[in-house]
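Enquirer: Here it is: the structure, laid out below.
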Amino acid sequence: MKLIQHMSLTSRIGLLFFLVAILTFSAVGTYLYRSLFSQLEYRDDQELIGKITLMRHLAEESASIAAIRANPHYFLDAAASHDRLIVMLKEVDGKLILHTNPDQGSLPVISVLPADMTADQRAITLLWTSSGLAARAIASKGKLNSGEQILIVVARTASDRMELLKAYRIEVWIAALVGTLLVAFSGYLLVRRGLRPLRLIAAQARSITAHRLDKRLDIASTPQELHDMVQAFNAMLDRLDSSFQRLSQFSADLAHDLRTPINNLMVQTQVALVQARSVEDYQALLISNVEEYERLARMVESMLFLARAEHTHVVMNKSPVSLPEELQRIADYFEGLAEETGVRIVVHAQGKVYADAILLRRALGNLVANAIRYTPAGEVISLHGETRIDGATIRIVNPGPGIASEHIPHLFERFYRADAARTNTASSAGLGLAIVQSIMVLHGGKVAVRSAKDGLTVFSLIFPAK
Ligand SMILES: Nc1ncnc2c1ncn2[C@@H]1O[C@H](COP(=O)(O)OP(=O)(O)OP(=O)(O)O)[C@@H](O)[C@H]1O
Ligand SMILES: [Mg+2]
């Protein structure tokens, strides 16, 4: 078994060809041999039946046993057609009258047909003569003209037939062997040729590297049977390619976003070190540094969260959470910040959502922080929560500049910011919505966004039922 597993496909199919060929050839050879065997036997048997019938006739025409002894040549002539034939005539008490072929040995006792019964194949038995030859034989009573009965035995040794069959057997085996080898060899060649497309695919696949992930296997030049495989392979390349690009983009973005706060820290500190400063100056520097550190810490923490969520290492603690209570809690939490920017938060909610309370709070926090940032002073942000049979939906609605439609498909990507002006500000890392999305994925739900220019922006969190 192990050996077969390690064999190449070509050798495997070649071996199968060989086995099938040897089985077929042996079966056909055996069949032909058997059929020749029984035909020859049948022919011999017919000859035996003919002979015994003839002997009975001759007996009927003989006057008496004494007459046969005196003139046996009718019988001898009838038996002389070939030297494999043995004819024995005996008296009922077993005394030999005539034996045409004594050198082939005498015949053992076999069952005897009555004189008036027609001889047929069923009466023929296989026996061994006293000299060890296999023979087919038939025995019958024969009635003489005088009314006396004699015993007639006709036998035919099978040695000529056996020799013929032996030669035939050898020929059949040689033919089978040669045929098998021919089939196996041509099978091997055919399989090698048939598998050429596979080798071509392998060669194409070998030329695809991390730098050439845009290359695809050529489906037009592959046979039908391999289309599925080639398609699956190409689809895998598509996925790898896009993951690879996202990963490269992601590390580029990460480096870029880490560079800004670190540069700020470095430049500010270097400037401060150029000359001696007052204690107030140092304090101001440290306060500014702390802000940058906080930004870095937040970013690293967000990155860690996203990485863990991607590999679902986040422990989920789902329970029914009251929507009015939870949304009100968020509204209260952001009250201070909202007041500062002159916006109000209102809650319209009923029912419960089946969710992890801490993750839900984190998602809502990110959405409300965004909403506060983009809502003009004097306007109102509303938090809606409702439940239906198929789950719960939370909507965060705020008026504001809106999000241009070209940004919408990318909004949930990491480090994506729609307004270029904010790209390098300390408050914006572009990770908030990515986190919201991964939290929704963890819940088996999704996040959707709708936005009108200078109108309402609506983020919907759609949770499945428990
Ligand atoms: N309510 C909104 N109105 C208008 N634009 C929005 C709104 N919410 C998000 N955006 C746009 O989507 C971008 C991505 O938001 P996201 O929360 O992912 O990042 P961020 O707020 O810039 O940074 P972070 O949340 O990591 O501090 C934002 O930069 C902003 O351009
Ligand atoms: Mg945000």
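The values are calculated or read from the model by the stated rules, or taken from the named source; none is laboratory data. All figures in this text were calculated on a predicted structure; none of them were measured in a lab. Methodologically, a virtual Cβ is constructed for each residue, glycine included, from the backbone with ideal geometry; neighbour enumeration extends over all protein chains shown. Please note that ligands, DNA and RNA were not included when accessible areas were found on the heavy atoms of the full protein model with its side chains. Shrake-Rupley method; radii C 1.70, N 1.55, O 1.52, S 1.80 Å.
Enquirer: Cα axis of helix 9-61 to longest principal axis of the chain: angle in degrees, 0 to 90, nearest 10?
Expert: 20 degrees
Enquirer: In whole angstrom, and with the biggest value first, how far do the Cα coordinates of segment 252-309 range along each principal axis?
Expert: Principal-axis extents of the Cα atoms in segment 252-309, largest first: 47, 20, 8 Å.
Enquirer: Just from its helices, what would the mean residue ellipticity at 222 nm be for the chain, if runs of 4 or more DSSP H residues each count -39500 (n - 2.57) and the sum is divided by every residue, rounded to the nearest 500 deg cm²/dmol? Kindly include the intermediate steps, with their values, before the conclusion.
Expert: Details: 12 runs with 244 residues, N = 466.
Calculated mean residue ellipticity at 222 nm is -18000 deg cm²/dmol.
Enquirer: Once Lys and Arg get +1 and Asp and Glu get -1 on their Cβ, which of Val368, Val92, Ile389 lies farthest toward the positive end of the dipole of the chain?
Expert: Projecting each Cα onto the dipole axis, the largest value belongs to Val92.
Enquirer: Quick one: which residues, 5+ away or cross-chain, put their amide H under 5 Å from the amide H of Ile97? H built at 1.01 Å from N.
Expert: Hits under the 5 Å cutoff: Leu89, Lys90, Glu91.
Enquirer: Using DSSP to call loops (not H, G, I, E or B), can you name the GluC sites (Glu not before Pro) in segment 310-411 whose Cβ has at most 16 other Cβ atoms within 10 angstrom? Please report the intermediate quantities before stating the final value.
Expert: Working: sites: Glu310, Glu325, Glu326, Glu335, Glu339, Glu340, Glu379, Glu386, Glu406; in loops: Glu379, Glu406.
Sites meeting the loop and neighbour criteria: Glu379, Glu406.
Enquirer: Measure off, as a whole percent, the carbon and sulfur share of the 1.4 Å-probe accessible area of the chain, all protein chains present.
Expert: Values: 16320 of 27220 Å².
So the carbon and sulfur contribution to the accessible surface is 60 percent.
Enquirer: To two decimal places, what compactness ratio does segment 109-194 give when its Cα radius of gyration is scaled by 2.2 N^0.38 Å? Let's see the in-between values first.
Expert: Working: Rg = 24.4 Å, N = 86, 2.2 N^0.38 = 12.0 Å.
Rounded to two decimals, the normalised Rg is 2.04.
Enquirer: Need the C-alpha centroid separation for segment 121-168 versus segment 5-45, integer Å.
Expert: Here the two parts' Cα centres lie 34 Å apart.
Enquirer: Report, in degrees rounded to the nearest 10, the 0 to 90 angle that the Cα long axis of helix 196-206 makes with the longest principal axis of the chain.
Expert: The helix 196-206 is inclined about 20 degrees to the chain.
Enquirer: Can you give me the accessible area per residue for the chain, using a 1.4 Å probe, in Å²? Intermediate values should be presented prior to the final figure.
Expert: Numbers: 27220 Å² over 466 residues.
Counting only protein heavy atoms, the per-residue value for the chain is 58 Å².
Enquirer: Shifting gears a bit: Between Rg and the Kirkwood Rh of segment 216-299, both from Cα atoms, what is the Rg to Rh ratio?
Expert: Working: Rg = 25.6 Å, Rh = 17.1 Å.
Checking Rg against Rh, the ratio lands at 1.49.
Enquirer: Give me the three principal axis extents of segment 121-277 from the C-alpha atoms, as integers in angstrom, largest value leading.
Expert: Principal-axis extents of the Cα atoms in segment 121-277, largest first: 159, 34, 25 Å.
Enquirer: Given the options Ala434, Ala349, Pro464, identify the residue whose Cα lies farthest towards the positive end of the charge dipole of segment 330-466 (+1 on Cβ of Lys, Arg; -1 on Cβ of Asp, Glu).
Expert: Working it through, the farthest residue towards the positive pole turns out to be Pro464.
Enquirer: Another one. Mind checking the full-extension length gain between Phe185 and Leu200? Use 0.36 nm per residue of separation minus the Cα-Cα distance, one decimal, nm. Before the final figure, lay out each step's value.
Expert: Numbers: separation 15, 0.36 × 15 = 5.40 nm, distance 2.30 nm.
The Phe185-Leu200 span can extend by a further 3.1 nm.
Enquirer: Pairs on different chains or at least eight residues apart, Cα atoms closer than 24 Å: how many lysine pairs in the chain fit?
Expert: 14
Enquirer: Hey, what angle do you get for helix 279-310 against the long axis of the chain, alpha-carbon based, 0 to 90 degrees rounded to 10?
Expert: On a 0 to 90 degree scale, this one is about 20.
Enquirer: What is the Cα centroid distance between segment 77-101 and segment 279-309, reported in whole angstrom?
Expert: Result: 125 Å between the Cα centres.
Enquirer: Further question on the same structure: Report the Cα-based extents of segment 314-464 along its three principal axes, largest first, to the nearest Å.
Expert: Rounded to whole Å, the extents work out to 40, 30, 26 Å.
Enquirer: How are the Cα pair distances of the chain distributed, in percent, across 10 Å bins from 0?
Expert: For the chain, the pair-distance distribution reads 3, 12, 13, 10, 8, 7, 6, 6, 5, 6, 7, 7, 5, 3, 1, 0, 0.
Enquirer: Over all alpha-carbon pairs of segment 204-264, lay out the pair-distance distribution in 5 Å bins, whole %, shortest bin first.
Expert: Distribution as computed: 4, 16, 20, 16, 11, 9, 7, 6, 5, 3, 2, 1, 0 percent.
Enquirer: Strictly greater than 18 Å: what percent of every Cα pair in segment 1-135 meets that?
Expert: Details: 6216 of 9045 pairs.
Value for segment 1-135 (Cα pairs over 18 Å): 69 percent.
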